[in-house]
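Here's the structure, in structure tokens; my notes come after.
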Amino acid sequence: MISTTFRHVPPSDALKRYSEEKITKLQKFLRQPMTAKVTLSLDRLKQVAEVRISSGGEHLEAKEATNDMYASIDVVLGKLERQIRASKGAAKAKVRGGESVRKATSTRVPDLEAEALPRAKTAAKVVKKTVSKRTAKAKR
């Protein structure tokens, strides 16, 4: 279900039809049926398109103001599509038992050059240098 509201803009069937056609294409990315609220308004000299989508437990929202209403609708749909893909990726990672990008702890990649060096005095010097740098940072 898509409801369209015109605020400070004369209602137009063409705008309503255009926004509904574009928003229904987002349904293919969502698992559950969606409800959308579209608000098309005029703010000073800018044409503003604001869309809120609810699909199951997901709530997505985007807003854009440009000089052309059709361009505003297109940009808003791009933002919503990006939000849907991001939430879908996070959900897949959660199902797989992985961590999200934001919550992932930084893992240190082993230094391949240090491992390639023979276990002689040079390797000990490299270790001593890295240890001394760490202690210098800790003292600061």
*Virtual spin-label span in nm between Lys25 and Lys46, 7 Å along Cα→Cβ*: 2.4 nm
_Considering all projection directions equally, how large on average is the shadow of the alpha-carbon convex hull of region 2-96, in square nanometres?_
5.9 nm²
*Using per-residue counts of other Cβ atoms within 10 Å, averaged over each peptide, order 80-89, 10-19 from highest down.*
80-89, 10-19
_Only four residue types carry charge here, +1 at the Cβ of Lys and Arg and -1 at the Cβ of Asp and Glu. Report the dipole size of region 2-96 about the Cα centre in Debye, rounded to the nearest 20._
560 debye
_Output wanted: per-residue J couplings in Hz (rounded whole) for region 35-51, from phi through Karplus 6.51 cos²θ - 1.76 cosθ + 1.60, θ = phi - 60°, x for Gly and Pro._
10, 10, 10, 10, 10, 10, 9, 10, 10, 6, 10, 9, 8, 10, 10, 10, 10
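Each reported figure results from applying straightforward, stated rules to the coordinates on display, with no laboratory input. Treat the numbers as computed from the prediction; the structure is a model and nothing was measured. When we count neighbours, we look across all protein chains shown, and the Cβ atoms used for this are built from the backbone with ideal geometry, even at glycine.
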